[in-house]
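Just below is one structure, and these are the notes that go with it.
The values are calculated or read from the model by the stated rules, or taken from the named source; none is laboratory data. If you're wondering where the values come from, they're calculated on a predicted model, not measured in any experiment. All Cβ positions, glycine included, derive from the backbone under ideal geometry; neighbour counts span all protein chains shown.
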C-alpha cells in the first residue's frame, strides 16, 4: 500500500511567531487522517516548528539542501545540519529552485544522492512548463527530468523517494490541470519508473500532485488511482484550507 501524503510547502512565508502559531493551529484541529501530513517552513523556523510539533503526527520537512556535507558554501544548509534538528525529509528540485536559482538535473542528482546517503527521505519535484505542454513535449520533458536525476539510483534507494509532479504552468497561476490530465501524467510517470526499474518499485512509490490544489478540487484530483496526495503551496498557509485538503484524501 502506497503512502498517502499531503505536504505544505510554505516557501518564503511566515516569520517565527507566525510559523509557531500556524503549526500549533493545524495540529490542534487535525483529526484522524489516512495521510501523512508534512509542513515545510523556511530554514530559520525549522527547529522551532520541530519543537512545536514534538507531540504531533505532523512531520516538519525542509524545502532544500546542499549536496556537500560542509565547506565554503555561504548561505547553504547541509543534510547533517537538517538531521541535527530532527528533520527526516527534504524537498529537492522544486520548480522555483530550477527557474530562479538555475538548478539543473545534474545538480539535483547530486543533492538526491547526498540526501539518501544521509538517510533523509526525498520529495523530488519535477514537471513541464507551459510551452512544453502546448508543444506536446510534456511527456518527454518529465521523463527526462526523472531519468537524469533519479535513474542512477538503485531500486533499494526508491523506498526513500517520493515523487511530486508539478505542472509549472499550474503553480500560482490559478490554473490547475484537470483531474484527467493529472491522472494521465501520474500514470505515465509510474510507467516510466517501471521501464527504469521494475513494477514493484513503481507500484510502491508515492506520486504527489502539486499544481494549485485547493479545497474545491482536492477530492476529485486525489480520487484518481495514480495520485497519492499533494504538494500544496498557498493553500497550506491557511489552516482551514490545508485541513480541508488533508481531509479530501
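Among 129, 166, 103, 184, which is surrounded by fewer than 20 Cβ atoms within 10 Å (Cβ to Cβ) and closer than 23 Å to residue 248 by Cβ?
184
Going through 144, 196, 230 one at a time, which residue ends up being under 21 Å from residue 92 (Cβ atoms) and crowded, with 22+ Cβ neighbours inside 10 Å?
230
Filter segment 103-118 for residues that are without any contact (Cβ under 8 Å) to a residue 40 or more places away in the chain and not in a loop (DSSP other than H, G, I, E, B) and give the result.
117
I'm trying to understand the selection: among the residues of segment 93-102, which are more than 19 Å from residue 121 (Cβ to Cβ) and free of Cβ contacts under 8 Å to residues at least 40 places away in the same chain? Explain how you work it out, then say what you get.
Of segment 93-102, the ones more than 19 Å from residue 121 (Cβ to Cβ) are 95-96, 98-102.
Selection gives 98, 100, 101, 102.
Which residues, counting only those in segment 119-133, are in a loop (DSSP other than H, G, I, E, B) and touching a strand residue (DSSP E or B) at 6+ places or on another chain (Cβ under 7 Å)?
Once the filter is applied, which keeps residues that are in a loop (DSSP other than H, G, I, E, B) and touching a strand residue (DSSP E or B) at 6+ places or on another chain (Cβ under 7 Å), segment 119-133 yields 120, 127.
Given the conditions (1) under 24 Å from residue 206 (Cβ atoms); (2) at pLDDT 95 or above, report the number of the one that residue 106 does not fulfil.
(1)
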